[in-house]
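Right, one structure below, let's go through it.
The values are calculated or read from the model by the stated rules, or taken from the named source; none is laboratory data. Being a predicted model, the structure only gives us computed values, none of them experimental. Cβ placement follows ideal geometry from the backbone for every residue including glycine, while neighbour counts extend to all protein chains displayed. For accessibility, only protein heavy atoms count, side chains too; no ligands or nucleic acids. Shrake-Rupley method; radii C 1.70, N 1.55, O 1.52, S 1.80 Å.
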2 protein chains.
Amino acid sequence: MPDAGPEFERIAQLLAGLPAGEGVVVGPGDDAAVLRVRDGRDLVATTDAFVDGRHFQRDLLTPAETGARLAAANLSDLAAMAAEPRWALISLVVPHGWSQAECLMLERACARTLAADGAAIVGGNLASAEGPFSATLTLLGDVARGHAVTRAGARAGDLLAVTGFPGSAAAFVALALRGDPPSRARVPSAIVERVVAPASRVRVASALAATGGVHAAIDVSDGLAADLGHLCDAGAVGARIEEALLPADSALQAAAQALSKNAAGQRAQLARLQLGASDDYELLLSIEPAKWAECERVARELGVPLTRVGEVLAEKVRVLVSGSGAELPLESPGWDHFRART
Amino acid sequence: MPDAGPEFERIAQLLAGLPAGEGVVVGPGDDAAVLRVRDGRDLVATTDAFVDGRHFQRDLLTPAETGARLAAANLSDLAAMAAEPRWALISLVVPHGWSQAECLMLERACARTLAADGAAIVGGNLASAEGPFSATLTLLGDVARGHAVTRAGARAGDLLAVTGFPGSAAAFVALALRGDPPSRARVPSAIVERVVAPASRVRVASALAATGGVHAAIDVSDGLAADLGHLCDAGAVGARIEEALLPADSALQAAAQALSKNAAGQRAQLARLQLGASDDYELLLSIEPAKWAECERVARELGVPLTRVGEVLAEKVRVLVSGSGAELPLESPGWDHFRART
């Protein structure tokens, strides 16, 4: 008699076996989740959506890898606020071409990635529809009251630093799409690893904020130049970035080489990867110079690459100091879904 | 130099002019929102997605009406928990066929509907993609610690009551889709009004919970029989529903008449609307009999139709007492997106 129906069964499967979260008074399966925010903490909330063919491609990323990246995209937003991830709600729009097994793999990998940073899925929504698969994750976290780090707050003279190797995601896409069919086989394995299992910056962000030296932070999922623009706009400041300081490990250098024929082209290509549209889940931080040594030590102890790439200017200009020492206006193409159509 | 790009401009437009919310430390425009939950309150979180062609049809609902319904769907989930809505995050997946003006109308109407219940949009996401438009709203609210009403908790002997007129949304769809092209002109205006601007049950839910007489509640967005099933499952109880008690105003009766040719068919049709799949944002409540009179008074004072439709049984069966007095097993078709494909 209880006519559960396939949707209810699918939802029940998706809910079953999720790791329990701390502070969860009512978990998945009711009309809403009930969650206990600790006294003296502010709630921090973000949401991000992945659409098949737009934010990921099924022939390049498995459902599990997509789930991990969806978690990472949201974790990165909370890291930028120096917040502690706690709870998430996931909403799936599922076309015929996606099996329940694939949905489960995506959701489970998302849950595992969240769990590594202390967060649990506490609710969600499932809808079928024609058109591309999409997954929207809303991530909730908390932070000591009044201690969230925002985009605003950068001060002239601050050092600008980035975690990891921005441009890796752009390199992955460019190399993988170079042939037909698209293939990861052409991408250096270190870059594949960075894309399919992005390192979390949650812990290092909290530790850096705890030094008291972080005046502003933003996640660079739009690309370094674009997100630097957002940081400068929010703080009403400018910035000077030194191309020679931009971090590039051998994998990113190899990618730039593969994408261009001559040395000059390779340098330009590398800068394009590092500064242009690339959805790496890394952080750009504006750090008080007197705290730089301590921040460097904190990052090193956590094994996180943290590289000084420039400084904050009082004047609202954005300048790139090229390898030859020339000062160029810093363009910020960013990752712009709507550019192509206008 | 700041290459904002069309996507950033679109986002800026969507963020501009949103009403400010209470307890918002950092609002839209940063990596995440920062929100101040009041001490002694639990956080309540839900998410719901609308997909064009699945949860709404552009030829039947305007973007603004769709935005209002999206808000109402989420508000209804919080009402079911007796929670107070506070903040929301909205995520839009936008195909070519949707203009920025339409997105704005949808979002603004969503924000207005939320604001009427004290909640504000504090963040979101915008992505372009081929395929149907979809909008996902995550709604956060709070409730006095430990006072959330859940689906579980119904006790044998409780009275079962519903707000409003479940079946109205199903009547709207059935009548509007009866001709080609689909048209609202065939739908009684009282039903159109209920669908395009669903009444909020947030206030009445809190007031009913404050009587101490509500043991369990669920929103009936899947349809009354299906959601009764969920309530019974969660509480490990059964239920008896009396067909003759199911609320039907003249508009719902007129709809049933229009959908069937003879009197017997009309009665069956009415019951099908009232019990079957229908995404009304009404509540089903399990109420202690000693508190019924007080609950009736509370609802009347707030102008909310509250109708006793049956009772909770200790035995885990679900029974429908038909108009003729016969006891039938109560089926629960529900709103099942995945039924058609299996």
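Between A:Ser324 and A:Leu177, the contour length at 0.36 nm per residue exceeds the Cα-Cα span by 49.8 nm.
Residues in segment B:223-236 carry Karplus couplings, in order, of x, 5, 5, 5, 6, 4, x, 5, 5, 5, 4, 5, x, 6 Hz; the curve used is 6.51 cos²θ - 1.76 cosθ + 1.60 with θ = phi - 60°, and Gly or Pro positions show x. In this rough spin-label picture, where each label sits 7 Å from Cα along the Cβ direction, the A:Ala244-A:Thr62 distance is 4.4 nm.
Over all other residues within a Cβ to Cβ distance under 9 Å of B:His215, the charged ones net out to -1, with Lys and Arg as +1 and Asp and Glu as -1. Per residue of peptide A:36-43, the mean number of Cβ atoms on other chains within 10 Å of the residue Cβ is 6. The antiparallel fraction among DSSP beta bridges confined to the protein assembly as shown stands at about 80%. For the protein assembly as shown, the carbon plus sulfur part of the accessible surface works out to 52%, probe radius 1.4 Å.
Reported value for chain B: 148 Å³ per residue, from the convex hull of its C-alpha atoms. Just the Cα atoms of segment B:44-177, one point each, no solvent: what log10 I(q)/I(0) does Debye give at q = 0.10, 0.15, 0.20 Å⁻¹? The calculated log intensity ratios at q = 0.10, 0.15, 0.20 Å⁻¹ are -0.38, -0.78, -1.18. Largest mean-square fluctuation among A:Asp222, A:Asp180, A:Asp48, in a Gaussian network model of chain A whose springs join Cα atoms under 10 Å apart, belongs to A:Asp180. Note on chain A: with charges restricted to the Cβ of Lys and Arg (+1) and Asp and Glu (-1), its dipole about the Cα centre is near 700 debye. A Gaussian network model of chain B, with springs between Cα atoms under 10 Å, assigns the largest mean-square fluctuation among B:Ala190, B:Ala83, B:Ala109 to B:Ala190. Along the axis of the charge dipole computed for chain A (Cβ charges of +1 for Lys and Arg, -1 for Asp and Glu, origin at the Cα centre), the listed residues A:Pro181, A:Phe56, A:Cys110 are led at the positive end by A:Pro181.
Reported to the nearest whole Å, the Cα centre-to-centre distance from segment A:229-269 to segment B:33-52 is 39.
Exposure here means at most 15 other Cβ atoms within 10 Å; with GluC sites (Glu not before Pro) in a DSSP loop as sites, the longest stretch of chain A lacking them is A:131-314. For a paramagnetic label modelled on A:Gln253 (point 7 Å from Cα along Cα→Cβ), amide N atoms under 18 Å away belong, within segment A:267-305, to A:267-275, A:305.
The same position B:Glu301 in the other copies lies at 5.8 nm from this copy, comparing label points 7 Å beyond Cα toward the beta-carbon, shortest first. For the rotation that carries chain B onto chain A, the axis lies closest to a Cβ at B:Gly131, 1, where the number is the distance in whole Å. Scattering from segment B:208-342 was approximated by placing one identical point on each alpha carbon and applying the Debye formula without solvent; log10 I(q)/I(0) at 0.22 1/Å stands at -1.48. Dipole check for segment A:175-228: with +1 at the C-beta of Lys and Arg, -1 at the C-beta of Asp and Glu, and the Cα centre as origin, the magnitude is about 220 Debye. Each helix, a run of at least 4 DSSP H residues, gives -39500 (n - 2.57); summed and divided by the residues of chain B, these come to -10500 deg cm²/dmol at 222 nm. Sorted from closest to farthest, the other copies place their B:Ala12 label points 5.1 nm away, with each point set 7 Å from Cα along Cα→Cβ.
Measuring with a 1.4 angstrom probe and ignoring ligands and nucleic acids, B:His230 comes out at about 40 Å² accessible. Normalised by 2.2 N^0.38 Å, where N counts its residues, the alpha-carbon radius of gyration of segment B:122-220 equals 1.47. Both the radius of gyration and Dmax for the protein assembly as shown are 26.5, 92 Å, in that order, over alpha-carbon atoms. By the scheme Lys and Arg +1, Asp and Glu -1, what is the net charge of all other residues having a beta-carbon under 15 Å from that of A:Met105? Neighbourhood net charge equals +1. Between this copy and the others, label points of B:Ala290 are 6.6 nm apart in ascending order, each placed 7 angstrom from Cα in the Cβ direction.
Counting Lys +1, Arg +1, Asp -1, Glu -1, what net charge surrounds A:Pro132 among other residues with beta carbon under 11 Å of its beta carbon? Surrounding charge for A:Pro132 is -1.
The mean number of Cβ atoms from other chains found within 10 Å of a Cβ in peptide B:226-238 is 2, as a whole number. For the segment A:53-64, counting C-beta atoms of other chains within 10 Å of every residue's C-beta and taking the mean gives 1. Here the gap between B:Ala144 and B:Leu15, fully extended at 0.36 nm per residue and compared with their Cα-Cα distance, gives a gain of 43.4 nm.
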